[in-house]
Each structure stands twice: as C-alpha cells, then as structure tokens.
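The structure under discussion appears below in the form of structure tokens.
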C-alpha cells in the first residue's frame with residue numbers, strides 16, 4: 001500500500017495527465033476533474049478493494065461516477081492504477097476512442113460500471129448495487145461520486161430516501177463540494193445549504209472532510225465504515241481547479257480546455 | 001379462416017403477474033420493484049413468495065429505474081413495474097442513459113398502456129411509449145396480445161440478456177393463444193394464412209384482427225393475419241415473405257401512428273418492397289375518459305375499422 005506522500009505524488013501525476021488529455025482533445029471539463037483528483041486517488045489507490053487486471057471480479061468494491069463530465073480524472077486515475085495504458089489518455093474524445101467525452105459503458109473501456117453524463121442518476125444505480133450486495137450477503141462496499149450542483153436534480157433525493165429506507169450501510173457517497181457550477185456559485189444558482197442537515201434529515205450519517213487531504217479522506221471513510229444501518233455521505237470540501245493555482249475557484253474553467261501554451265503553464269504550476 | 005376460441009376474458013397484466021412468479025421460481029436472480037402499484041401490476045404473488053427479492057420503490061420511478069440498473073451490475077435480473085406512462089415518458093432519460101446506453105439487463109414492465117386504460121383519461125393513456133422505447137439502441141420492445149402470451153413473454157424476457165420494454169394493459173380481453181406456449185422474442189406469429197391482404201396486429205388489436213378476418217372471410221376476402229408481438233427487433237423476414245404474397249397491408253395497434261408498429265412496418269416495406277398500406281392507430285391526438293370499448297370505437301381501433309381499411313387497401317393494389 002502506498003504511503004501518503006506517494007499518494008500525493010500519484011495525484012499530482014493524475015492532474016498532469018488529465019490536463020494533457022483535455023488539452024489534446026481541445027475540449028473537456030478541467031475544473032471538476034482537478035477538484036476530484038485527490039478523492040479519486042484516495043479511492044483507487046487505497047480505499048477500494050479491486051483488481052485492475054480483473055475488472056469484473058465479482059467481489060470487488062464498486063464505484064459509480066454520477067458526474068460523467070469529470071471523465072478526464074476518472075480515466076487518468078483508471079490508467080494510473082492499471083486498468084489500461086496511460087498512453088490511451090491521449091485518445092480522449094477522439095473518433096473511435098474508448099474514452100468517450102462522457103463515460104460510455106459499451107465502448108469497451110475496463111473499469112467503467114455505468115454510462116454517465118446526464119446528471120442525477122448515479123446515486124440510484126449505487127443504491128441498486130448496494131441492494132444487490134445485501135441480497136447476496138456480500139461484504140463489499142459501494143461508492144458513489146456526486147457533484148454538488150448535481151444535487152439540484154430531484155432524482156438525487158429519491159435515491160437518498162431509498163438508501164436510508166433500505167438501511168444501506170454498505171453505501172458511501174462522496175459529494176465533491178467545490179461550490180461552483182456552470183452558471184456560478186451553487187448558492188446563487190440554486191442554494192443547497194444547509195446541505196448536511198438535508199442529508200441528515202433524509203436519514204444519512206453525514207461526514208465532512210477536506211477533499212484535498214488524502215489522509216483525511218481515507219480516515220473519514222474508515223470512520224464511516226463503522227456506522228451501521230444507515231448510508232453514509234461524505235461532503236468533501238474542495239476547490240474547483242485545485243492544483244493549478246491560476247485557475248482555482250474560477251467557474252469559467254468548468255468546461256474549458258487549456259490551450260497548448262496554457263497546458264505548459266498549468267503543468268509547471270501543478271502542486 | 002382458422003377458428004380461434006377465447007377461453008374467457010382475462011387481463012394481460014395478470015399474465016405478467018403469473019409469468020413473473022414463474023420466472024422468479026426458475027431463477028433466484030430475478031428480482032422485482034414496483035412504484036406503489038403492486039395490485040395494479042398484479043405483482044402480489046411474487047411479493048408474497050419472494051419478499052426478500054421484492055423492493056418497494058415508492059412513487060419515485062426515476063430512482064426505481066436507476067436502482068434496477070445498479071442491481072444488474074450485481075448480477076440481478078430486475079423487473080420494474082408501473083403504468084406505461086410513468087415507466088417510459090417520466091423516466092426516459094434514466095432509461096436512455098443508465099439502462100439502454102449502459103446496456104443493462106433491466107426489464108421494464110409497463111401496464112395500463114393505451115386507450116383501454118379507460119376512464120382515467122389521457123394523462124394515463126400513453127400512446128407514445130412504443131415509439132419512445134423502439135428508438136433506443138439495445139432496447140427490445142414487446143407487446144403481447146393476451147393473458148397466456150403475456151405470461152409466456154414475461155418468462156422469456158427473464159431468460160433474455162439485455163434491456164426489454166414489456167407492454168401490457170388493464171382490461172380483461174379474450175384469452176385465445178395456447179396455454180404454456182413458448183415465446184420466441186422477435187418471431188412474428190402466423191395466425192391465419194391468406195392470399196388477399198396481410199393484417200399485422202399487435203397487443204389488444206390482435207383479437208380485433210381475428211374478428212375482422214372472420215367477417216372478411218364471409219365477404220370472400222382471404223386475409224393473412226400475423227401477430228407482431230415483438231416490435232423490435234422486427235421480424236423483417238416474415239413480414240416481407242407475407243407481403244410478397246398478398247401485396248397489400250393493414251397494420252393495427254393501440255398506439256400513436258407516429259412511432260408505432262405500423263410505422264416500423266411501413267419503413268421496412270418502403271425500403272424493401274413498396275406496397276399499399278393502411279394503418280389503424282391513434283392519429284396525433286390524446287385520448288380521453290370512457291370505457292375501453294367506447295374509446296376503441298371512437299378512435300377507430302376495432303374490427304369494423306380493420307375491415308374498412310382492408311377493403312380500402314385492396315382497392316389500392
């Protein structure tokens with residue numbers, strides 16, 4: 001198992017590779033990909049029980065990405081952890097690529113459980129996975145990564161209700177709380193706060209953590225696992241564009257790709 | 001004209017209920033969900049027999065659809081039941097992305113389709129569902145005609161790997177297909193061989209087509225009648241074989257003309273064997289309250305109108 005300093009270094013390389021792939025594609029979602037990079041690193045390199053060389057291993061922990069637009073960080077992480085070659089990241093969004101603009105289950109990329117892009121659907125799918133594991137008395141965990149803007153979709157709250165109704169303590173959901181969406185701040189577009197109270201009222205055990213502190217992310221998941229009979233939510237406080245100082249907290253970078261010149265500058269900035 | 005005898009009126013949704021129970025007994029991976037309509041969908045027997053394999057979704061169809069997609073990743077074969085209007089239109093995006101594009105083994109069990117829902121009126125009488133579902137890649141679309149066939153279809157779709165839209169209805173209708181028939185997805189069923197015209201019918205309109213065929217025989221018209229229980233994939237081979245013999249076609253369905261079975265057949269024929277065609281269906285209008293029989297008559301979806309269409313299309317040959 002990698003040390004925290006090794007994990008930090010992996011996250012740095014994931015950031016660099018996702019930036020390269022988006023720049024090469026000429027389009028893609030930079031801001032959210034960067035804000036989730038530490039969460040993805042913690043999950044795929046420490047928390048998840050999975051086998052990159054056997055993606056369909058039946059006993060694996062399963063991760064559902066609900067916000068398909070952050071595919072670049074998803075792909076860069078899957079490549080770094082060994083599901084496919086890092087070189088393939090350069091095919092992002094190109095004709096015939098397995099790395100579709102938003103993840104497509106049927107394009108043959110290993111490690112992908114679900115197609116995603118249209119928001120608000122992944123949590124329901126994660127609930128279904130958690131139920132299936134309960135039926136089969138499996139001990140695996142189901143993880144879901146949700147965005148914060150996505151919580152404006154009503155279907156999320158249908159899923160939230162059902163997860164606690166079924167007491168799905170094998171379900172752990174992350175919210176990448178970067179507080180920004182395409183049209184600006186979430187609290188201006190359609191306010192989400194008091195976010196933790198809403199989830200608590202829906203019957204979830206709620207945790208908060210610094211979504212850029214890998215050690216804290218791992219510790220929070222370990223604590224969450226000790227809670228029985230309810231689903232768990234981790235509000236991971238993050239910064240859109242994290243890791244590239246010049247674009248941090250700027251919602252204009254939600255769906256913008258770096259030019260070749262910007263790419264060089266951003267890579268030099270990555271920390 | 002081959003004689004068909006109804007063993008008594010039964011609702012197709014009860015055929016689904018019996019089929020679901022049997023599918024559940026055959027395979028322990030079969031699970032079911034329902035959005036607060038267990039009684040209407042006739043899922044009671046499954047719920048009683050397999051309480052640990054049934055999940056009440058509440059009035060939350062979008063979540064139910066996504067949960068079902070997730071269960072398939074866990075190796076389950078989920079049937080999700082609600083009214084056709086809510087099973088399709090309300091959750092089209094979930095079906096499109098999490099089921100069809102993700103190619104998940106979800107079985108959408110849609111009851112109360114079409115005008116024969118009756119008195120509840122247009123909000124619930126969906127007439128666009130076949131079109132919505134057949135446009136989705138990976139989706140199989142099935143619309144059986146009676147109790148026995150719906151039961152057989154339910155068992156068959158549980159054994160098929162991939163997303164399926166299974167459409168059935170509320171009213172009691174003639175039950176005339178064989179008990180314990182084997183249901184072959186994608187295979188058109190020849191009900192009567194004839195030479196003068198081919199009537200392609202689906203769902204509740206199959207029985208009306210048979211009634212029409214008997215009256216046409218009395219008039220000396222020899223109608224070939226084919227049950228298209230699977231609208232997608234369409235049995236192109238059987239359809240073309242019949243039409244090359246009869247050279248004119250009537251289609252009959254309890255659905256909008258736009259996007260229905262007739263629309264699929266017209267497309268097939270216009271590309272491969274252009275033929276005069278008349279289509280029985282609802283013509284770009286919503287339904288309304290009334291008894292099923294009143295509505296079928298008002299909107300022209302009965303044997304009498306099939307006969308008129310046959311006479312018209314033969315004259316066009």
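The lone criterion from (1) more than 13 Å from every other protein chain (Cβ to nearest Cβ); (2) surrounded by fewer than 20 Cβ atoms within 10 Å (Cβ to Cβ); (3) out of contact with any helix residue (DSSP H, G or I) (no Cβ under 8 Å at 6 or more places or on another chain); (4) outside any helix (DSSP H, G or I) left unmet by residue A:208 is number (3). Going by the structure shown, is residue B:153 surrounded by 24 or more Cβ atoms within 10 Å (Cβ to Cβ) and either outside any helix (DSSP H, G or I) or in contact (Cβ under 8 Å) with a residue 24 or more places away in the chain (or both)? Answer is yes for this residue. Restricting segment A:97-119 to residues that are surrounded by fewer than 20 Cβ atoms within 10 Å (Cβ to Cβ) and closer than 15 Å to residue B:73 by Cβ leaves a set whose member that is nearest to the other protein chains (Cβ to nearest Cβ) is A:106. Here residue B:47 meets each of (1) free of Cβ contacts under 8 Å to residues at least 24 places away in the same chain; (2) within 13 Å of chain A (Cβ to nearest Cβ) with one exception, condition (2).
Taken over segment A:132-153, the criterion of being within 13 Å of chain B (Cβ to nearest Cβ) and without any contact (Cβ under 8 Å) to a residue 60 or more places away in the chain is satisfied by A:132, A:133, A:134, A:135, A:136, A:137, A:153.
Within segment A:224-247, the residues that satisfy the criterion of being more than 22 Å from residue A:10 (Cβ to Cβ) and touching a strand residue (DSSP E or B) at 6+ places or on another chain (Cβ under 7 Å) are A:224, A:227, A:230, A:231, A:232, A:233, A:235.
For the criterion of being within 22 Å of residue B:98 (Cβ to Cβ), more than 12 Å from the chain's Cα centre (by Cα) and not assigned by TED's automatic domain parsing to the domain that holds residue B:291, residue B:180 fails.
Condition (residue is part of a loop (DSSP other than H, G, I, E, B) and surrounded by fewer than 20 Cβ atoms within 10 Å (Cβ to Cβ)) applied to segment B:205-219: is it met by at least one residue? Within segment B:205-219 (the criterion being part of a loop (DSSP other than H, G, I, E, B) and surrounded by fewer than 20 Cβ atoms within 10 Å (Cβ to Cβ)), the answer is yes, since at least one residue qualifies.
Screening A:35, A:66 for residues that are within 14 Å of another protein chain (Cβ to nearest Cβ), touching a strand residue (DSSP E or B) at 6+ places or on another chain (Cβ under 9 Å) and buried (at least 19 other Cβ atoms within 10 Å of the Cβ) leaves exactly one candidate, A:66.
Check segment B:158-177 and report whether any residue there is at pLDDT below 95 and either in the same structural domain as residue B:66 (by TED's automatic domain parsing) or out of contact with any strand residue (DSSP E or B) (no Cβ under 8 Å at 6 or more places or on another chain) (or both). No: segment B:158-177 contains no residue that is at pLDDT below 95 and either in the same structural domain as residue B:66 (by TED's automatic domain parsing) or out of contact with any strand residue (DSSP E or B) (no Cβ under 8 Å at 6 or more places or on another chain) (or both).
Let's see how each residue does on (1) under 23 Å from residue A:126 (Cβ atoms); (2) within 14 Å of chain A (Cβ to nearest Cβ); (3) not in a helix (DSSP H, G or I):
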| position | (1), (2), (3) |
| --- | --- |
| B:7 | no, no, yes |
| B:13 | no, no, no |
| B:19 | no, no, no |
| B:25 | no, no, no |
| B:40 | no, no, no |
| B:63 | yes, yes, no |
| B:86 | yes, yes, no |
| B:96 | yes, yes, no |
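For residue A:198, the conditions (1) away from chain B (no Cβ under 14 Å); (2) surrounded by 20 or more Cβ atoms within 10 Å (Cβ to Cβ); (3) assigned to a helix (DSSP H, G or I) are fulfilled apart from (2). Of everything listed in (1) touching a strand residue (DSSP E or B) at 6+ places or on another chain (Cβ under 8 Å); (2) more than 14 Å from chain A (Cβ to nearest Cβ), the single unmet condition for residue B:53 is (2).
The values are calculated or read from the model by the stated rules, or taken from the named source; none is laboratory data. Given the structure is predicted, the values throughout are model-derived calculations rather than measurements. Here Cβ is always computed from backbone atoms with ideal geometry, including for glycine, and neighbour counts include all displayed protein chains.
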